[in-house]
Amino acid sequence: MKVSAKTKNHPDPITVEFTLPETLADLAKKFGEDVVATAAKCSFIISLQAFLRRHLEKGTSLADVQKEVNAWRPDVRTISKQTAFEKAASTLDKLTPEERKALIAKLQAVK
């Protein structure tokens, strides 16, 4: 697989080839069970934190969040391949007509 990275100070990405095993057994064979278990735990915590943030934004009570967490299971997410324009357009579709008018007025005032 190709893996790319760039930074704010180095906007031109570098790309390398990396072989990442597909199965749990092959991951453990390549990296060791402790490394795989630690990576999984870290990934689960990050995913759970994102789950908690979504509930914070909704204003869910702590008791209800705890119930949701008790039933929570990490999911597999894919990285969005949307362009910046597609992301913005998707977000704009969620605005009310009044919010769109206000945004257009604000954008037209910027020079």
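Across the stretch 65-86, the qualifying residues are those that are in contact with a Ser or Thr (Cβ under 8 Å, 6 or more places away or on another chain), over 12 Å from Leu52 (Cα atoms) and surrounded by 10 or more Cβ atoms within 10 Å (Cβ to Cβ), and the one among them that is modelled with the highest pLDDT is Pro74. All told, Phe18 falls short of being without any contact (Cβ under 8 Å) to a residue 12 or more places away in the chain and more than 21 Å from Arg73 (Cβ to Cβ).
For the residues Glu68, Glu86, the requirement of being among the charged types (D, E, K, R) and free of Cβ contacts under 8 Å to residues at least 12 places away in the same chain singles out Glu86. With the structure loaded, tell me whether Val16 is loosely packed, with under 10 Cβ neighbours inside 10 Å, in contact with a strand residue (DSSP E or B) (Cβ under 8 Å, 6 or more places away or on another chain) and among the β-branched types (Val, Ile, Thr) or whether it fails that test. When the stated conditions are applied, Val16 passes them. No other residue among Thr60, Thr96, Thr91, Thr38 is among the polar types (S, T, N, Q), at pLDDT 95 or above and out of contact with any helix residue (DSSP H, G or I) (no Cβ under 7 Å at 6 or more places or on another chain) apart from Thr38.
The values are calculated or read from the model by the stated rules, or taken from the named source; none is laboratory data. What you are looking at is a predicted structure, and each value in this text was computed from that prediction instead of being measured. Note that we place each Cβ from the backbone using ideal geometry, even for glycine, and neighbour counts take in every protein chain shown.
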